[in-house]
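Readers should treat all values here as calculations from the given coordinates under stated rules, not as data from a laboratory. Remember, it's a predicted structure, so these values are computed and weren't measured experimentally. Heads up, the Cβs are rebuilt from the backbone with ideal geometry, glycines too, and the neighbour counts pull from every protein chain shown.
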Amino acid sequence: MERLTGDLDTLEKLCAGQGMEFDSLTLKQLVRYGSLLEEWNHKINLISRKEDAPVIVKHIFHSLLIALYHPFSKGEKVLDLGTGGGLPGIPLSICFPETQFLLVDSTGKKITACQAMIKELGIKNAIAMHTRVEELNGVIFDTVLSRQVAPLDQLCGYAARLLKPRGILICLKGGTLDKEIAKTLESSRDHNGFPKKVELHPISGISTFFSEKQIVIARG
């Protein structure tokens, strides 16, 4: 109980520090998700078991930072590509209940964990599906999210056929990305002209735990 209270205080302060205000029920649900994520991580490898930061900071608050640069809207359709343990899709679905989230991963046991957590948390606007992105057909999204450790040009290739015109891909990435971005823009002609531009938003100054971390937004 003391741990959950500490996580709640930490998350509330971090969000307030970035001007993100969520009600107490939302914050409690995010903390509960963090607890479930750790419980499932003992059974299935969802996140690193040798963490250098609390889960509430490194995974949940990190996911929420996307909202600083993208206003999730009512009826918006969002794909979380390679969701793993539900990141960033589950935290964002908790905070934006009028946005629709589809979480996909090619590893069945990870999706089983996501489905169980979504059910236990009572989330109505998120669905977790076991599938490969190449197998997604007939569904078009406003926004694609990814926290995958995959090259940006590869992620753009996946997103290009799944996004509406003027849709965006938002990635949480780390390190120096100049070469990755240059390759992505060069290869856009192979992906229906996507992306037309790529934005970088460093978040390293928000917390020492986010050293060299950036939010990357590729726009069509």
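If we count other beta carbons within 10 Å of each Cβ, what is the order of LYS173, LYS119, fewest first?
So the ranking, lowest neighbour count to highest, is LYS119, LYS173.
With +1 on each Lys and Arg Cβ and -1 on each Asp and Glu Cβ, and nothing else charged, work out how big the dipole of the range 2-219 is about its Cα centre, in Debye to the nearest 20.
440 debye
GNM on the chain, C-alpha springs below 10 Å: top fluctuator among ILE60, ILE118, ILE44?
Sorting by GNM fluctuation, first place goes to ILE44.
Rounded to the nearest 500 deg cm²/dmol, what is the calculated helix-only ellipticity per residue at 222 nm for the chain, with -39500 (n - 2.57) per DSSP H run of length n ≥ 4?
-10500 deg cm²/dmol
Taking the number of other C-beta atoms within 10 Å as the exposure measure, put SER63, SER35, SER24 in order starting with the fewest.
By the 10 Å Cβ count, ascending: SER24, SER35, SER63.
HN-Hα J couplings of the range 169-184 from phi, Karplus 6.51/-1.76/1.60, θ = phi - 60°, integer Hz, Gly and Pro as x?
10, 10, 10, 9, 9, x, x, 7, 10, 4, 5, 5, 5, 4, 5, 5
Report ³J(HN,Hα) in whole Hz for each residue of the range 92-105, in order, from the Karplus equation J = 6.51 cos²θ - 1.76 cosθ + 1.60 where θ = phi - 60°; Gly and Pro get x.
Karplus-based 3J(HN,Hα) across the range 92-105 equals 6, 5, 5, 7, 10, x, 9, 9, 9, 10, 10, 9, 10, 7 Hz.
For the chain, modelled as a GNM with alpha-carbon contacts under 10 angstrom, which of ARG49, ARG166, ARG147 fluctuates the most?
ARG49
Tell me, what ³J(HN,Hα) does each residue in the range 194-207 have, in order and in whole Hz, if you take phi through Karplus 6.51 cos²θ - 1.76 cosθ + 1.60 with θ = phi - 60° and put x for Gly and Pro?
9, x, 8, 8, 10, 10, 10, 10, x, 10, 4, x, 6, 8
Using Cβ contacts closer than 10 Å as the measure, can you line up ILE123, ILE47 from fewest to most? Each step should come with its number before you reach the end.
Numbers: ILE123 20, ILE47 16.
Final ranking by Cβ density, sparse to dense: ILE47, ILE123.
Which option, (1) 42; (2) 28; (3) 36, is the value of percent of Cα pairs over 27 Å apart that was calculated from these coordinates?
Recomputing percent of Cα pairs over 27 Å apart here picks out (2).
What number, in percent, do you get for the relative contact order of the chain if the mean sequence gap of Cα pairs under 8 Å and at least 6 apart is divided by its residue count?
After rounding, I find 15 percent.
Any idea how far the Cα center of the range 1-45 sits from the one of the range 141-220, in Å?
27 Å
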